[in-house]
Amino acid sequence: MGLLTAREAAQHLHVSLFTLGRIEKEGLLIPFRTPGGHRRYSLEMLREYLEHTRSPSTEPQTRILIVDDGNDVAQSLARTLPSCNFATAQDELHVGIKLADFKPQLVLVSTTMRDMNGQELCRRLNGQDPHLKLLPFDGPERRREDADGSMVEALDLDGLCTSIAAALGLEHVR
């Protein structure tokens, strides 16, 4: 199986390296990693991405902004809810920018962030726009140590998907 470098994959998709990185952060492409940490892509992976993104959509995608310390929640939700479009923000400045540019229908706010109080952010956002749908959630918890001693993070995806569906007034989002 021939693997492509990041530059070759970007050329294959006709996008810039920056856009390829954004696609990865959104969880739409997950590259293989070499022992040195370099990204590699299979042609099959790129074909699947193109088929998924270029197929005509009959209904508009639901836009969800996730405010959290990392991108793990967004990547997990992107795999679980392919009908939704996700963006992430990790600080208040980027929350404001994403609200203006991305125009989310729902904002998920982690209440377990290290550098920001998620509950307080929800109160401020609700005060600015009472029509904005906000959903605070408990971010991934460090629950147990793995065999190699590293911490494994756990997130209740099913519960979060149910909460998203309820907040958006949908029967189900999967």
query = Mind checking whether some residue in region 92-102 is within 19 Å of residue 159 (Cβ to Cβ), in a helix (DSSP H, G or I) and basic (Lys, Arg)?
reply = no
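Let me confirm something: among 126, 85, which residue is under 25 Å from residue 168 (Cβ atoms) and assigned to a helix (DSSP H, G or I)?
Within the list 126, 85, the selection yields 126.
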ask   = In this structure, does residue 47 turn out to be modelled with pLDDT of 85 or more, surrounded by fewer than 12 Cβ atoms within 10 Å (Cβ to Cβ), under 19 Å from residue 15 (Cβ atoms) and more than 11 Å from the chain's Cα centre (by Cα)?
value = yes
inquiry  = Name the residue that is farthest from residue 77 (Cα to Cα), counting only residues in region 109-127 that are surrounded by 17 or more Cβ atoms within 10 Å (Cβ to Cβ) and small (Gly, Ala, Ser).
reply    = 118
inquiry  = When you scan region 70-80, do you find a residue that is closer than 22 Å to residue 161 by Cβ, aliphatic (A, V, I, L, M), in contact (Cβ under 8 Å) with a residue 40 or more places away in the chain and in a strand (DSSP E or B), even just one?
reply    = no
inquiry  = I'd like to know if region 90-99 contains one or more residues that are within 26 Å of residue 120 (Cα to Cα), in the same structural domain as residue 137 (by TED's automatic domain parsing), surrounded by 16 or more Cβ atoms within 10 Å (Cβ to Cβ) and in contact (Cβ under 8 Å) with a residue 60 or more places away in the chain.
reply    = no
ask   = Going by the conditions given, is residue 107 touching a strand residue (DSSP E or B) at 6+ places or on another chain (Cβ under 7 Å) and touching a residue at least 40 places away in the same chain (Cβ under 8 Å)?
value = yes
query = For region 12-27, how many residues meet the condition of being touching a helix residue (DSSP H, G or I) at 6+ places or on another chain (Cβ under 6 Å), assigned to a loop (DSSP other than H, G, I, E, B) and of a type in the set (A, V, I, L, M)?
reply = 0
ask   = Quick check: is even one residue across region 59-66 farther than 29 Å from residue 166 by Cβ and of a type in the set (A, V, I, L, M, F, W, C)?
value = no
ask   = Among the residues of region 59-66, is there at least one that is under 14 Å from the mean Cα position of the chain (by Cα), buried (at least 17 other Cβ atoms within 10 Å of the Cβ) and assigned to a loop (DSSP other than H, G, I, E, B)?
value = no
request  = State which residue is farthest from residue 82 (Cα to Cα) when the search covers only region 28-46 and only residues that are part of a loop (DSSP other than H, G, I, E, B) and in contact (Cβ under 8 Å) with a residue 12 or more places away in the chain.
outcome  = 38
task = Kindly indicate whether residue 130 is within 20 Å of residue 160 (Cβ to Cβ) and of a type outside the set (Gly, Ala, Ser).
result = no
message = Anything in region 132-173 that is under 17 Å from residue 109 (Cβ atoms), at pLDDT below 80 and either of a type outside the set (Gly, Ala, Ser) or in contact with a Leu (Cβ under 6 Å, 6 or more places away or on another chain) (or both)? List them, or say none.
response = 140, 141, 155
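The values are calculated or read from the model by the stated rules, or taken from the named source; none is laboratory data. The model shown is predicted, which means the values in this text are computed figures rather than measured ones. Because the Cβ atoms are built from the backbone with ideal geometry, glycine has one as well, and the counts that use them run over all protein chains shown.
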